[in-house]
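The values are calculated or read from the model by the stated rules, or taken from the named source; none is laboratory data. Remember, predicted model here, so these are calculated numbers, not experimental data. Backbone-built Cβ (ideal geometry, glycine too); neighbour counts: all protein chains shown. We work out accessible area using only protein heavy atoms, side chains counted, and drop any ligands, DNA or RNA first. Shrake-Rupley method; radii C 1.70, N 1.55, O 1.52, S 1.80 Å.
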Amino acid sequence: MAWPRDPVIYEVNTAVWLDSLSRFAGHRLTLAEVGSADWDAVTPDGVDAVWLMGVWERSPAGLAVATANQELMSSFRDALPDLTDDDILGSPYCVRRYVADARFGGPEGLAVAREALAVRARRLILDYVPNHVAPDHPWVSEHPERFIQGSAGDLAADPGSWLTAGPVVLALGRDPYFPAWPDVVQLNAFAPELRTATAQVLGDIADQCDGIRCDMAMLMNTNVFAKTWSGRVGPEPGEEFWPAVFAQLRARHPQTVLLAEAYWDLERELQQMGFDFCYDKQLYDRLFTEDVPGVRDHARADLPYQSRLMRFLENHDEPRAASRVAADAEMAMAVVVATLPGATLWHEGQFEGRRVHPPVFLQRRPDEVADQDLATWYRQLIAVVDHDGVRSGSWQLLEPTGWPDNETCGNLLAWSWSDDAIPRRHIIVVNLSGAPAQARVPLPWPDLRGSSHHLTDRLGGLEIDRDGDELAAPGLFVALDPWCFHLFSLS
């Protein structure tokens, strides 16, 4: 199944979702037993792919480390005050084997899930963690050459960063800015054996899905890895990790879409290494700080770069959007995310306004009252963008202008999409502030002049007629209340 140019992705926390369905059903369900209506609920109109986060076999050794950590246990109780031992599964990023967990139905259940999505013309995305594995992963005993190795002296000097695995001492996983993660073992990105093994594992994962999201992908970049492990690894290899791995993967799976969790302004570098889409954490940060100039500057980046970013307001690592901002602000931000070029990522529970962010170690979340109005609006947004072909054709940033005694135009973001082959034109204007804003927005189409044009707000229902000469210059007049927006179709 071919991927669209700008895919819309819906992330589902597999353990939490199955637990919720199981409690409603009155017995434990696996992926093979999920009902049709429940698959429909996670594949709303406009969604192209479902990311089943955390399907792989979790580590008993990692679980023991987690439950012995009082800080982690406290965070679990904060999210789930009536926490029980059965609620804690362990981290989905402390992987013992890349085999679907038996509790979720194993490989057979995962295959049924993929077929359920394919019947709905949806694609399946699964995870891969390149930087580390669980301490009880088979590689630890069978292939210690794939890991960062130390000495008894290292272990004695810094027991929080090393562990004993049979006759060898191995480093715990980490990034260059934080202490080691206590439940995982560090792989060696410079080891040729690891690169071959990674390509094999990715190929096995790609046999079971349509896209792979690579956790903390930038940690394997040569400059980052060398900074983290300077003095612990040999000379830098002549080729970067990801191009070397992807060359082998693409021979086996040329169509698999590769997604990178990316930070530290390394998105472009990862795109150049072969990732189809990279997290857009810059947009996320600028939206939640109401940095309108920053968002506008971000949108001025070249289109080839922007079209390979993945925009989001939530994922399993970030707080719930509803816990950070009011619903009207969240809706304005969602319009920005939904109408920019690139992939978009939406998180199960986001539409319903869930506020509690359960740690990924847990399989149960607290009961919360769903915001049905917000859920209806979100589904309308995703469906309208899809059905109206809002993001088809060409995208262009627009520049709202003010006048000497009114510079509130600075709080507005605006862009257009046009597809002359249809023909189809859309104008998006968002007030990303808590104050009213007015502006003129010059539209970029010279052929508007000399005739009247009808504009319909596909989200708000407003319909207006405007003279084409005015739309071209000085531009479409807009007056938006705080956190309001227009998504106009023009005819």
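The table below lists the values:
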read-out: Accessible area of residue 401 in the full protein assembly, 1.4 Å probe (Å², nearest 10); value: 60 Å²
read-out: Label-to-label distance, nm, for residues given as residue 45 and residue 196 (7 Å Cα→Cβ offset); value: 5.2 nm
read-out: Order of exposure, largest accessible area first, which applies to 279, 93 with probe 1.4 Å; value: 93, 279
read-out: Relative contact order for the chain, counting Cα pairs under 8 Å that sit 6 or more residues apart, in percent; value: 13 percent
read-out: Solvent exposure ordering (accessible area, 1.4 Å, most first) of 147, 477; value: 477, 147
read-out: Accessible surface, per residue, of the chain when the full set of protein chains is kept, probe 1.4 Å, Å²; value: 39 Å²
read-out: Contour excess over end-to-end distance, with Cα ends at residue 289 and residue 265 and 0.36 nm allotted per residue; value: 6.9 nm
read-out: Estimated [θ] at 222 nm from DSSP helical runs (n ≥ 4, -39500 (n - 2.57)) normalised by residues in the chain, nearest 500; value: -9000 deg cm²/dmol
read-out: Residue 416 accessible area, assembled protein chains, probe 1.4 Å, Å²; value: 0 Å²
read-out: Largest-first ordering by accessible area, 1.4 Å probe, given options 239, 314; value: 239, 314
read-out: Residue 401-residue 70 pseudo-label distance in nm [points 7 Å out on the Cα-to-Cβ vector]; value: 6.5 nm
read-out: Distance between modelled label sites at residue 327 and residue 367, nm, 7 Å Cα→Cβ extension; value: 2.1 nm
read-out: Order by protection proxy (mean Cβ within 10 Å, highest first), peptides 178-184, 45-51; value: 45-51, 178-184
read-out: Tilt relative to the chain, helix 106-119 - C-alpha long axis, 0 to 90 degrees, to 10; value: 20 degrees
read-out: Pairwise FRET efficiency - residue 383 versus residue 102, Cβ, R0 = 41 Å, nearest 0.05; value: 0.65
read-out: Options 278, 76, 394, ranked by Cα towards positive dipole end of the chain, top entry (Cβ charges); value: 278
read-out: Surface share of carbon and sulfur [accessible, 1.4 angstrom probe, percent] for the chain; value: 52 percent
read-out: Dimensionless Rg over Rh [the stretch 401-460; C-alpha; Kirkwood]; value: 1.01
read-out: The chain: antiparallel DSSP beta bridges as a percent of all, rounded to 5; value: 65 percent
read-out: Solvent-accessible surface (1.4 angstrom probe) belonging to residue 38, in square angstrom, nearest 10; value: 50 Å²
